[in-house]
Amino acid sequence: MVTIYIDGVGYEVPAGTNLVDVAKFYADNDIPVFCYHPKMAPVGMCRMCLVEMGSVEKDKESGTVLLDEQGSPKIRWMPKMQTACTQTVYDGLAIRTNTQQVTEAREDIVEFLLTSHPLDCPICDKGGECPLQNLTMRHGPGVSVFYFEDKMHLAKHVPLGELIYLDRERCIQCARCIRFSDELAGDDVLAFHERGRALQIVTVSDPPFDSKFSGNTTDICPVGALTTADFRFGARPWELKEVPSIDPYGPEGANISLSTRLDRDSGGGIIIKRVMPRQNEHVNEIWISDKTRFGHHHTRHIDRLVTPLHREKNTLIETTWDKAFKQIIDKLKGATSVGAIAGPGLSNEDLWELRQLVLAVGGSEKSLGIWPATMSGGEVVKQVGIAKGSNFNTMGKGTVIVLVATDLEEEAPIWWLRAKAARDRGATVVVLNGRPTKMDRYAKFSLRHEYGDAVGAINSLTAHIVNGNHHKADRAEGFAELQKALKKVKADDRYAAAAEAIAGADNVVVFCGAEGVTLAQHAELMQACANVLILTGHVGRTNNGLIPVWPGANTQGAIDLGYTAEATAELLQNPPAVLIVAGCNPVGEDIAAANLRNADFVIVTSQFDTATTAIADVVLPQQSFAEREGTFTSGERRVQRFYAAQGVIGESFPDWKIFAQVRHAIDKSTAKVSAGAVMAEITKSVAAYSAMGYKNLAQVERQFPDVGGTDQYYGGTAYQNTGGIGVQWPVSAENAEAKLNVVPVSSEKSKAKGLLVVPTTLLYDRGMLFVRSEIMSLRIPPAHANFSPADAQKLKLQDGDMVEINLEGASLTVQIIVNETIPAGVITLPKCLSDQPGPFAPMVAGSIEKVAQALAATGD
Amino acid sequence: MGLINGLMTTIKHVLQEKATFQYPEVERPVRERYKGRHALKRYDNGMEKCIGCALCAAACPADAIWVEAAENTDDERYSPGERYAKTYEINMLRCIFCGYCEDACPTEAIVLEHEYKLSFTDRRDSIYTKDMLIDPVPPGGQDTPHQVEPHSYDRPIPDMENPK
Amino acid sequence: MGVSSKLGNLGVVTTKLEDAVNWGRTRAMWPMLFGLACCAIEMMSTQAPYYDASRFGMELMRASPRQADLMIVAGRVSRKMAPVLRQLYDQMPEPKWVLAMGDCASCGGVFNNYAIVQGVDEIVPVDVYVAGCPPRPEQLIHGFMTLHEKVKEMKWYEWAGK
């Protein structure tokens, strides 16, 4: 802590922090800024933050502060004003912000900015939450010496891609958008063009503004120069009611705020007008991906199911809830076997009630499956998951971030953003994957392994650590066997340096995905990652541990409540007599789910008609995340609450209510009346969730740096977090006494010959919810497969050809892309891009036949 | 004598001109600045003055105004600016005829006129939509939407005089 | 409804009777003295010589609900006043009408809060709503005219309901 003086008052503040942030947070002194943003490096371009600056005079020998006659410290002022945003605090720093000189400087800057800023406020989307508007009201001169007629007239409607529009007149050239894309998102897509008065923002990528974080630039824009196509002229900011919510797509649990308003077009109901980030420094800071921002349209899509359906004479027809319930209850009572597959968007409450229902009608934990069923290892997470209180903001030098079998930007963009920011602060990144991904650009160690040999790669790391005697076995249980097994492992030399870096690091975080890994292999992969962490002692301490890159928003919650991917695999193999599929579409996505047709009676809760509802006997309309309350558990095991935002569509119900009512009819248990009551029951029954009562989850704290809030200097009112920052549950490694299991894992590769089809995850896919956001349709690529040049040549295929790939009885028609980054012998096939189901686990391709020639235009 | 005095007063008033306004047969003209039912104005060419900024709704102390905006295109242009009011509704039973909307309007699109005959037998009838509020197209003008040449209107809001 | 639906149009006699009775009702509607707020000032003005409601047979503002036909709710009705208003309405003899005068009585007006009834139609059936804050006497008289039109449209089998 250091002492600084602001307007003559001393404050104790943390050393090395930025003066603007500190003054705002500790002294409640808002130094106005335009170009500065707390999340980005300062540039000092706009000069709005000019303050008088000086240093306290100290006695040279003793170092004590010299005092003047009044007893306040003597300060040596600099002759001219300085920019506060480029100043980090040091002991004895003094500033004055309330003198005439400072006031005049601020007035002049605002006046100057307004010389070429149009008077658009009445129609500007930012009007009402605009930093320029606010600062003009507070620091503006009121009158101008310039002529209004001399204002610049520039293009008003410049599309930067189909998502973001630029208004050249409004831009004040602060470069926040350019700096965000460049520095934080790592996408070199925006740039300044020309100079002086002609300076303008242009996009330099093809397709334009090709970034997965483009929407964030509209939030940080201090004027209305950047607006989203989604919200353009949608509503005035003061008319919007902000409802705290959680991202329904990714495992990061990004905090969002749903801006809702009545809307005449949709029949006078309350609808979501836009999605804004909500500040949570533990989770997503103030960023969200474009998928989260623009993917909300499914909540009020015209195709939403509005009534229950049941099968009569082989077609689904509308029915009433009473009849549907009766049918379900009759079937469940007499069922010989019951199973359930829970989708990625089900809240903890839904999962709990579904579990209770399945157990009540004779099912076991073995009949509770998750969807997508690609990842395993819940037990490993319980031991060595990332420790409670970890925060990427505090990671930097001394931290090693390891990415295993994952394309993090596509699978969990917020984690990617934060891991990259940590890397920019000095963290080392190690990437292990079968192909290069975007993170490889920032990685110190880019380690390629053969697809299917991810476990072997980690074993190599472990072997290097043990052979190099870098390990600490004091907490490891079963180390002897591991050591014995490791003797057989041939440690690959390429991994030596990375192993050393991991062993020598202060903190290690491992992201473990499942690219190119089968479900059985994944359990071993997670254990292998755990072995590395345990043997190097990187468990149980903050900023250490394992983060599984789960495929769904609440996969962690499902695993906590007893659901497993192994159970899903079993259910797909041998469908039970009565199957409940809640909020997912296995039949339409995965070729392995074709078997589900053999279940006698299928109950589906869904928001839309899918291939899975097509095989259902009863379809129940479920509510989207925006219509109800609930909780999601993020991949960092943070349980977070979301609140009801929009009006209920049709007769839909939340899943927990549906399952609770069915169970009530079967075993006469009391049906819970609210999601909070279900959570109260979970807190009593599940040990890890004992602190997860709704009251605890709604707790908020003051966050540093202070963005948003009441003064809106950083744009947008939605940054303010009023809904709760969530609660993490601790892993067993945090108990220093606990012994941790290290288990030898086999690194046997599959022996099958042929081209290996590796399913990969894309952020923008045709999943049943995301595809309803038509605004994103241009960003979703067509169904395609990536071939290596060697394989393409061998098969006489060229870029753009349509091929039919045959896989275990199923066949897929896709366009091919010849991609040098793909290793020979591998085809990467993004999941969920076509209407046909595709593979979810890597498998060997059968025959590949060309069905159509590439159009000449696509060849180059 | 008292009786005669009293009758004199009566007779005097009988002979005087009648004070009563014979409403509804005779309508007394209201003052020039009287604030009655609103009207949405048009330019001479028939384009709407309203730009859908919803500042009237923000200024309204009774929450009587509802505006939903949309973007003009050159093929379908309602107002000279970028934005126009897709939905514009005023609930006459909520409105207190204070005229704040008039003050707030940046384009002088909304004006409180002299019409005051506003009684309803159903509350729903009191919601006046854009069609009911907007002035008829002036002679020589054309009803909206207009189809215009690209870039003939490129100002976000119609040019105004310098703020004074 | 019974008789007319069974017998159909009863012809000259009932039609004339309907018109005569309805006309009679419109010519002598005694309003109840129920001024609650600012609107009451305009209601008084309506009674005063400039507007002279006695032209419509409404000169008598009755303080007793037993002698009144038309309840002019002139002003905002607080939640505490609501039961009183209802009781007075119940004490009025049939046929009876309610006119919500001004924004507050019609829908709460600017007083969108917990203390004010958001429209007296929450507690009594309202026949005519008059906009204005407060409505000028002409507007109130226009409200009377609207009510008269409504009464003239009444059928004899609705009389009992009123």
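The values are calculated or read from the model by the stated rules, or taken from the named source; none is laboratory data. It should be emphasised that the depicted structure is a prediction, and the values quoted were computed from it without experimental measurement. Because the Cβ atoms are built from the backbone with ideal geometry, glycine has one as well, and the counts that use them run over all protein chains shown.
Below are the figures for this structure:
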quantity: Residues that are away from chain B (no Cβ under 14 Å), small (Gly, Ala, Ser), within 15 Å of the chain's Cα centre (by Cα) and not in a strand (DSSP E or B), drawn from the stretch C:20-62; calculated: C:28, C:40, C:57
quantity: Index of the failed condition, residue C:72 passing every other in (1) in a loop (DSSP other than H, G, I, E, B); (2) crowded, with 18+ Cβ neighbours inside 10 Å; calculated: (1)
quantity: Unmet criterion (only one of (1) among the polar types (S, T, N, Q); (2) within 14 Å of chain C (Cβ to nearest Cβ); (3) surrounded by fewer than 18 Cβ atoms within 10 Å (Cβ to Cβ)) for residue B:126; calculated: (3)
quantity: Among the candidates A:790, A:783, residue that is touching a Ser or Thr at 6+ places or on another chain (Cβ under 6 Å) and of a type in the set (Gly, Ala, Ser); calculated: A:783
quantity: Residues located in the stretch A:338-394, provided they are among the charged types (D, E, K, R) and closer than 11 Å to residue A:561 by Cβ; calculated: A:349, A:350, A:353, A:355, A:365
quantity: Restricting the stretch A:160-198 to residues that are within 14 Å of chain B (Cβ to nearest Cβ) and in contact (Cβ under 8 Å) with a residue 60 or more places away in the chain, the residue that is nearest to residue A:121 (Cα to Cα); calculated: A:167
quantity: Residues of the stretch B:23-47 satisfying the condition of being polar (S, T, N, Q) and within 14 Å of chain C (Cβ to nearest Cβ); calculated: none
quantity: Which numbered condition residue B:63 fails, given (1) outside any loop (DSSP other than H, G, I, E, B); (2) within 11 Å of another protein chain (Cβ to nearest Cβ); calculated: (1)
quantity: Close pairs (8 angstrom Cβ cut-off, 6 or more residues apart or separate chains): without any contact (Cβ under 8 Å) to a residue 60 or more places away in the chain in the stretch A:21-45, buried (at least 22 other Cβ atoms within 10 Å of the Cβ) and polar (S, T, N, Q) anywhere; calculated: A:42/A:83; A:44/A:83
quantity: Residue within the stretch C:48-70 that is polar (S, T, N, Q) and in contact with a Pro (Cβ under 7 Å, 6 or more places away or on another chain) present; calculated: no
quantity: Filter result for the condition that a residue is of a type in the set (D, E, K, R), more than 30 Å from residue A:555 (Cα to Cα) and part of a loop (DSSP other than H, G, I, E, B), over A:265, A:230; calculated: A:265
quantity: Residues within the stretch C:85-109 that are at positive phi and either away from chain B (no Cβ under 14 Å) or not in a helix (DSSP H, G or I) (or both), tallied; calculated: 2
quantity: Odd one out for residue A:425, checked against (1) farther than 29 Å from residue A:519 by Cα; (2) of a type in the set (Lys, Arg); (3) touching a strand residue (DSSP E or B) at 6+ places or on another chain (Cβ under 8 Å); calculated: (3)
quantity: Filtered residue count, the stretch A:349-367, keeping only those that are more than 20 Å from residue A:586 (Cα to Cα) and of a type outside the set (Asp, Glu); calculated: 9
quantity: Meets criteria (in a strand (DSSP E or B) and either in contact (Cβ under 8 Å) with a residue 60 or more places away in the chain or within 14 Å of another protein chain (Cβ to nearest Cβ) (or both)) for residue A:259; calculated: yes
quantity: Qualifying strands (runs of 3 or more DSSP E) (wholly inside the stretch A:761-853; at least 1 residues being touching a strand residue (DSSP E or B) at 6+ places or on another chain (Cβ under 9 Å) and aromatic (Phe, Trp, Tyr)); calculated: A:784-787
quantity: Per-region count, the stretch A:436-456, residues assigned to a helix (DSSP H, G or I) and without any contact (Cβ under 8 Å) to a residue 60 or more places away in the chain; calculated: 2
quantity: Selection status of residue A:209, modelled with pLDDT of 90 or more, part of a loop (DSSP other than H, G, I, E, B) and either within 34 Å of the chain's Cα centre (by Cα) or away from chain B (no Cβ under 14 Å) (or both); calculated: yes
quantity: Count - residues of the stretch C:76-91 that are surrounded by fewer than 22 Cβ atoms within 10 Å (Cβ to Cβ), in contact with a helix residue (DSSP H, G or I) (Cβ under 8 Å, 6 or more places away or on another chain) and touching a residue at least 40 places away in the same chain (Cβ under 8 Å); calculated: 3
quantity: Some residue of the stretch A:223-237 being under 25 Å from residue A:159 (Cβ atoms) and away from chain B (no Cβ under 14 Å); calculated: yes
quantity: Residue match in the stretch B:20-35 (condition: assigned to a helix (DSSP H, G or I), charged (D, E, K, R) and under 28 Å from residue C:139 (Cβ atoms)); calculated: no
quantity: Filtered residues of the stretch B:99-108 (kept if buried (at least 17 other Cβ atoms within 10 Å of the Cβ) and in a loop (DSSP other than H, G, I, E, B)); calculated: B:105, B:106, B:107
quantity: Residue that is β-branched (Val, Ile, Thr) and at pLDDT below 90, where the choices are A:143, A:158, A:204, A:189; calculated: A:143
quantity: Residue count, the stretch A:295-334 (criterion: among the basic types (Lys, Arg) and closer than 26 Å to residue A:774 by Cβ); calculated: 2
quantity: Residue check, residue A:123 in contact with a strand residue (DSSP E or B) (Cβ under 6 Å, 6 or more places away or on another chain) and within 13 Å of chain B (Cβ to nearest Cβ); calculated: yes
quantity: Counted residues, the stretch A:820-837 - those being at pLDDT 90 or above and either crowded, with 17+ Cβ neighbours inside 10 Å or charged (D, E, K, R) (or both); calculated: 12
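Listed here are the residues, each with its yes/no results for (1) closer than 17 Å to residue B:125 by Cα; (2) more than 14 Å from chain B (Cβ to nearest Cβ); (3) modelled with pLDDT under 90.
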position: C:77; (1), (2), (3): no, yes, no
position: C:111; (1), (2), (3): no, no, no
position: C:119; (1), (2), (3): yes, no, no
position: C:128; (1), (2), (3): yes, no, no
position: C:135; (1), (2), (3): no, no, no
position: C:143; (1), (2), (3): yes, no, no
position: C:151; (1), (2), (3): no, no, no
position: C:154; (1), (2), (3): no, no, yes
position: C:160; (1), (2), (3): no, yes, yes
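Yes/no per residue for (1) assigned by TED's automatic domain parsing to the domain that holds residue A:360; (2) touching a residue at least 12 places away in the same chain (Cβ under 8 Å); (3) out of contact with any helix residue (DSSP H, G or I) (no Cβ under 6 Å at 6 or more places or on another chain); (4) in a loop (DSSP other than H, G, I, E, B):
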| residue | (1), (2), (3), (4) |
| --- | --- |
| A:619 | yes, yes, no, no |
| A:636 | yes, yes, yes, yes |
| A:645 | yes, yes, no, yes |
| A:651 | yes, yes, yes, yes |
| A:656 | yes, yes, no, no |
| A:660 | yes, yes, no, no |
| A:665 | yes, yes, no, no |
